[in-house]
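Colleague: Structure incoming, see below.
The values are calculated or read from the model by the stated rules, or taken from the named source; none is laboratory data. All figures in this text were calculated on a predicted structure; none of them were measured in a lab. When we count neighbours, we look across all protein chains shown, and the Cβ atoms used for this are built from the backbone with ideal geometry, even at glycine. Ligands, DNA and RNA are stripped out before the accessible areas are found, and what is left, the full protein with its side chains, is counted by its heavy atoms. Shrake-Rupley method; radii C 1.70, N 1.55, O 1.52, S 1.80 Å.
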Amino acid sequence: MLPIVHHPAYCADIPEGHRFPMLKFKRLAEILIEKGLVTKNGYHTPGEATPSWLSLAHEMAYVDQVNAARVPKTIEREIGLPMTESVGRRARFATAGTVMAGRLALEHGLAANTAGGSHHARFEHGAGFCVFNDAAVAIRVMISDGLIETAMVIDLDVHQGDGTADIFENDTQVYTVSVHNEKNYPVRKKPGSLDIGLPDGMHDQAYLEVIRDMLPKAFNSFMPDIVFYNAGVDTHANDKLGRLNMTSSGIAERDRRVIDACLRRNIPIAGIIGGGYSTDIDELAERHAILHQAMAEFISS
Ligand SMILES: [Zn+2]
């Protein structure tokens, strides 16, 4: 079975009606059990990311502020979440979950978290609903542990992966790819190794052509020891923040292409869920489950 990482702490306490759909993490974990992708007690459960891990990708002063629930108001506003103990704890667990998914991917070829993809968190501090950059922390922890020497981030969330590009700027061990909607947040993009900005309203077919061309381009430029794949579903036509026009089957095909491109090159792939915004939590969690479903198909085939 596909190794899947989850922890109940992924769902932090935030005020009811907050625009961030926090309950999706809980619902996603239930849906994956309902689909038979994991048994009730089958989840791999992480601990909390330590300050020494977090400071491999973030300013120590900011890590301390989050852990003490004393983040300055201006930064809290930029993050867009109330920076309470519960939200800080959630970020530590979700980050450790991505580290765990990375280690499991090395062992099994592929693995996935039920959170992660906090790609707007940059070296200095968080932003855009992202507290710690889980993929960046995971890569730095795995390099520091001697498990890998190089990594690639393939970020297909509809928003540009500016935080990831910031952290790995001038880092020759890590190659960062972002395919995103050009007009969307963040206003100021931070160029990574390979950036592709898409126009509004793109449908499945045109999008999938972009992905088909991007994958060999990325791997011809860089052969990593592992790929972290941000499978954001805010590319969906019904997403509240996305401006693209994809269907769920288009997203499933996208995920399969990325997974296939990694596995045929014998590169382990760790999936993280990325963004997805809807007030309908069931519908949203279903969309996030597309990633785990797609990965599971490769395990059984
Ligand atoms: Zn996003």
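Colleague: Any residue in region 152-169 that is under 25 Å from His203 (Cβ atoms) and without any contact (Cβ under 8 Å) to a residue 60 or more places away in the chain sitting within a Cβ distance under 6 Å of a residue that is among the hydroxyl-bearing types (Ser, Thr, Tyr) and surrounded by 24 or more Cβ atoms within 10 Å (Cβ to Cβ)? List the pairs, counting only those 6 or more apart or interchain.
Modeller: Listed by first residue and then by second, the contacts come to Gln160/Ser178.
Colleague: Then there's this: Which of the residues belonging to region 239-261 are in contact with a strand residue (DSSP E or B) (Cβ under 9 Å, 6 or more places away or on another chain), assigned to a helix (DSSP H, G or I) and touching a residue at least 40 places away in the same chain (Cβ under 8 Å)?
Modeller: Within region 239-261, Ser248, Gly250, Arg254, Asp255, Val258, Ile259, Ala261 qualify.
Colleague: When region 199-214 is examined, which residues are found to be open to solvent by 10 Å² or more (accessible area, probe 1.4 Å) and either under 19 Å from the mean Cα position of the chain (by Cα) or not small (Gly, Ala, Ser) (or both)? Walk me through how you get there before you give the answer.
Modeller: Step one: filter region 199-214 for residues open to solvent by 10 Å² or more (accessible area, probe 1.4 Å), giving 199-206, 208-210, 212-213.
Selection gives Pro199, Asp200, Met202, His203, Asp204, Gln205, Leu208, Glu209, Val210, Arg212, Asp213.
Colleague: Here's something else I'd like to know. Look at Thr74 and say whether it is hydroxyl-bearing (Ser, Thr, Tyr) and open to solvent by less than 30 Å² (accessible area, probe 1.4 Å). Give the derivation first.
Modeller: Values: hydroxyl-bearing (Ser, Thr, Tyr): yes; open to solvent by less than 30 Å² (accessible area, probe 1.4 Å): no.
Here the answer is no, as Thr74 does not meet what is asked.
Colleague: Can you find a residue that is away from the ligand (no atom under 13 Å from the Cβ), over 18 Å from Glu209 (Cβ atoms) and among the hydroxyl-bearing types (Ser, Thr, Tyr) anywhere in region 241-264?
Modeller: Yes, region 241-264 has at least one match.
Colleague: On to the next question. Does any residue of region 127-147 turn out to be touching a strand residue (DSSP E or B) at 6+ places or on another chain (Cβ under 8 Å) and polar (S, T, N, Q)?
Modeller: Within region 127-147, none of the residues are touching a strand residue (DSSP E or B) at 6+ places or on another chain (Cβ under 8 Å) and polar (S, T, N, Q).
Colleague: Residue check, Thr176 against (1) open to solvent by 10 Å² or more (accessible area, probe 1.4 Å); (2) more than 16 Å from the ligand (Cβ to nearest atom); (3) within 16 Å of the chain's Cα centre (by Cα), all met but one. Which one?
Modeller: That leaves (2) as the condition not met.
Colleague: Still on this structure: When you scan region 51-113 for helices (runs of 4 or more DSSP H) that lie fully inside it, which ones turn up with 2 or more residues that are of a type in the set (Ser, Thr, Tyr) and within 18 Å of the chain's Cα centre (by Cα)? Outline the logic, then answer.
Modeller: Details: elements: 51-54, 60-67, 73-79, 85-108.
In region 51-113, the matching helices (runs of 4 or more DSSP H) lie at 85-108.
Colleague: Look at Lys189 and say whether it is open to solvent by 10 Å² or more (accessible area, probe 1.4 Å) and over 30 Å from Ala96 (Cα atoms).
Modeller: Numbers: open to solvent by 10 Å² or more (accessible area, probe 1.4 Å): yes; over 30 Å from Ala96 (Cα atoms): no.
When the stated conditions are applied, Lys189 does not pass them.
Colleague: Report every pair of residues separated by at least 6 positions or lying on different chains whose Cβ atoms are under 7 Å apart, first residue within region 61-72 and over 13 Å from Ala91 (Cα atoms), second modelled with pLDDT under 95.
Modeller: none
Colleague: For residues in region 179-204 being without any contact (Cβ under 8 Å) to a residue 24 or more places away in the chain and out of contact with any strand residue (DSSP E or B) (no Cβ under 6 Å at 6 or more places or on another chain), which is farthest from the ligand (Cβ to nearest atom)? Steps first, please.
Modeller: Filtering region 179-204 for residues without any contact (Cβ under 8 Å) to a residue 24 or more places away in the chain gives 182, 187, 196, 199.
Of the ones still in play, those that are also out of contact with any strand residue (DSSP E or B) (no Cβ under 6 Å at 6 or more places or on another chain) are 187, 199.
Details: Val187: 14, Pro199: 17 Å.
Filtering region 179-204 for residues that are without any contact (Cβ under 8 Å) to a residue 24 or more places away in the chain and out of contact with any strand residue (DSSP E or B) (no Cβ under 6 Å at 6 or more places or on another chain), the one farthest from the ligand (Cβ to nearest atom) comes out as Pro199.
Colleague: If we keep just the residues of region 149-159 that are in contact with a strand residue (DSSP E or B) (Cβ under 6 Å, 6 or more places away or on another chain) and over 13 Å from Thr235 (Cβ atoms), which is farthest from the ligand (Cβ to nearest atom)?
Modeller: Pass one, region 149-159, residues in contact with a strand residue (DSSP E or B) (Cβ under 6 Å, 6 or more places away or on another chain): 151-159.
Next cut, over 13 Å from Thr235 (Cβ atoms) only: 151-154.
Values: Ala151: 21, Met152: 19, Val153: 14, Ile154: 14 Å.
That would be Ala151.
Colleague: Exactly one of these conditions fails for Ala165: (1) touching a Ser or Thr at 6+ places or on another chain (Cβ under 7 Å); (2) closer than 22 Å to Leu291 by Cα; (3) not in a loop (DSSP other than H, G, I, E, B); (4) not basic (Lys, Arg). Give me its number.
Modeller: Going through (1) touching a Ser or Thr at 6+ places or on another chain (Cβ under 7 Å); (2) closer than 22 Å to Leu291 by Cα; (3) not in a loop (DSSP other than H, G, I, E, B); (4) not basic (Lys, Arg) one by one, Ala165 breaks only (2).
Colleague: Name the pairs: first residue in region 114-130 and at pLDDT below 95, second residue open to solvent by less than 20 Å² (accessible area, probe 1.4 Å) and hydroxyl-bearing (Ser, Thr, Tyr), Cβ to Cβ under 7 Å, at least 6 apart or on different chains?
Modeller: Listed pairs, sorted by first residue: none to list.
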